[in-house]
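Just so you know, all these numbers are worked out from the coordinates, no wet-lab data involved. Everything numeric here is computed off the predicted structure, so don't read it as measured data. With ideal geometry, Cβ positions are generated from the backbone for all residues, glycine too; neighbour counts draw on all protein chains shown.
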Amino acid sequence: MEKLPWGRLRGVRPSKQLHRLLDIGLDYTEAFKRMQVNEGISSEKFKLLWQVARISRPIVEESSLPDLFSVYISIPFCPSRCHYCSFPAHSLKELAIWRSRYLDTLLYEIRTAGQLTEKLQLRPYSFYLGGGTPTSLSPAELDNILSALRLAFPGTVREFTVEAGRPDTITHEQLAILKKHGVTRVSVNPQSMHNETLKKIGRCHSVEEAYRAVKQVQSSAFPVLNMDLILGLPEEDEAMVRKSVHDVLSLSPTNITLHMFSRKRASLFSEEQARFHLPDKALAAAMYRTAVGLLSPTYHPYYLYRQHGILGDLENIGYCLPETECFYNIVMIEERQHILGLGCGATNKFIYKDLSLKNLVSPKDIQTYLEKAAELCRRREHELTKAKLTVRAQSEKY
């Protein structure tokens, strides 16, 4: 029987288990022995987990105070839908009829969540505007959302990320709006630095546009620039991955996120599998080793997660230059802080003192979300209040 590197670990967040062991004071040797016996993890994967935990640990400790929360805002619109995508994302043309109502409802959700956190005396820690592609909104729409967010959740936050993921949506006017509202981290995601691959996966931009977008973001002097790459895309080989990583490194981003391809059930790749040739396990592993080898001398792994059906039974890893970790990514993966997920398809996480949690997921379908928004706000108030009162009661008990 083949020995799997992650052993019996099948969850999305293997680093959560290691942080639990660090909570009780175990060192490297003790923690490895515990996870090897309980889960069958290999020494290679444990070493990677240890690297991630060593870097993320101060942020995990800082962000675990019971009165903190982060906010995720979902903008489920894109210029077009990528073939690998399963996120709640719709073509702007396809759903133009719902666009105005969606943004109005999202503004209502933001205001209501702000009133709730003020009443419960909670403090914002980080903001993340994702999607879809937030920069597919018009400058005026983007300004309205960010103004509402700042008004609803006043105060200084550790980090404010915006996914400007599609290079073809980024303009100087939008970047000026992001700068005005205190955005500190911008993500530009080429996914591949090969034009032929971009066409195959349904991206409506070129490599040249990715270079242009990155230069625009850098000229605006945001503290952190992230770039995403997907390893294992159709018809790509190890040499193509090497070139993509080299090209991204030449742009000197502060964060680089490596995603191993994972076939999603709701994606076109899943619906039309015969059209797309994907690498086998050996080639996926070779791509992974090549990419990691190129990044490791300069960048450090600070968070990771796994997905069902991921190529080669591997993992997605976020890399960063020293002291440029994405705070939201860490709190989202480690699940020790309340997260308010606002908008279509967003997930709320309510954390209890014993680190148990309850999720509340908004509908992915826009029409259903519009119908259920008021109910979602009521349920959010009930669950967050319950979590806050439980933490208070447990604190008073001890």
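For this structure, a couple of remarks:
- Where a label projected 7 Å from the Cα of R10 along Cα→Cβ would reach, residues of the stretch 39-55 with amide N under 15 Å: 39-40
- Its relative contact order, with pairs defined as Cα atoms under 8 Å and 6+ residues apart, puts the chain at 19 percent.
- Taking 0.36 nm per residue of separation and subtracting the Cα-Cα distance, full extension of the segment from E196 to K180 would add 2.1 nm.
- Pairwise label distance in nanometres, E208 with L278, each label 7 Å out on the Cα-Cβ vector: 3.3
- Most tightly packed first, judged by the mean number of other beta-carbon atoms within 10 Å of their residues, the peptides 160-168, 133-141 read 160-168, 133-141.
- Taking 0.36 nm per residue of sequence separation and removing the Cα-Cα distance, the R123/Q51 pair yields an extension gain of 23.0 nm.
- As a calculated quantity, the FRET efficiency between R378 and D354 at R0 = 25 Å, using C-beta atoms, amounts to about 0.45.
- Distance between the 7 Å Cα→Cβ label points at R242 and D104: 5.7 nm.
- Relative contact order %, the stretch 139-273, counting alpha carbon pairs below 8 Å whose residues are six or more apart: 23
- The calculated pair-distance distribution of the stretch 64-342 uses every alpha carbon pair, bins of 5 angstrom beginning at 0, and gives 1, 6, 12, 16, 19, 17, 14, 8, 4, 2, 0, 0 percent.
- Projected label points at T298 and R111, each 7 Å from Cα along the beta carbon direction, are separated by 4.7 nanometres.
- Ignoring aspartates and glutamates fewer than eight residues from K16 along the same chain, the ones with Cα atoms less than 20 angstrom from its Cα are D27, E30, E39, E44, E61, E62, D313, E315, E325, E334, E335, D354.
- Theoretical FRET efficiency, 1/(1+(r/R0)^6), r = Cβ-Cβ of L249 and S147, R0 35 Å, to 0.05: 0.45
- Long hydrophobic helices in the chain, taken as whole DSSP H segments with a C-alpha length of 30 Å or more on their own axis and mean Kyte-Doolittle hydropathy at least -0.5: 96-119.
- Anchor K199: lysines whose Cα lies under 28 Å away (excluding residues fewer than 8 positions away in-chain): K93, K215, K243, K264, K281, K364
- Charging the Cβ of each Asp and Glu at -1 and of each Lys and Arg at +1, and nothing else, the dipole of the chain about its Cα centre rounds to 780 debye.
- Ratio of Rg to Rh over the stretch 276-370 (Cα coordinates, Kirkwood Rh, two decimals): 1.07
- Test item: Cα-centred dipole of the stretch 15-59, Lys/Arg +1 and Asp/Glu -1 on Cβ, debye: 100
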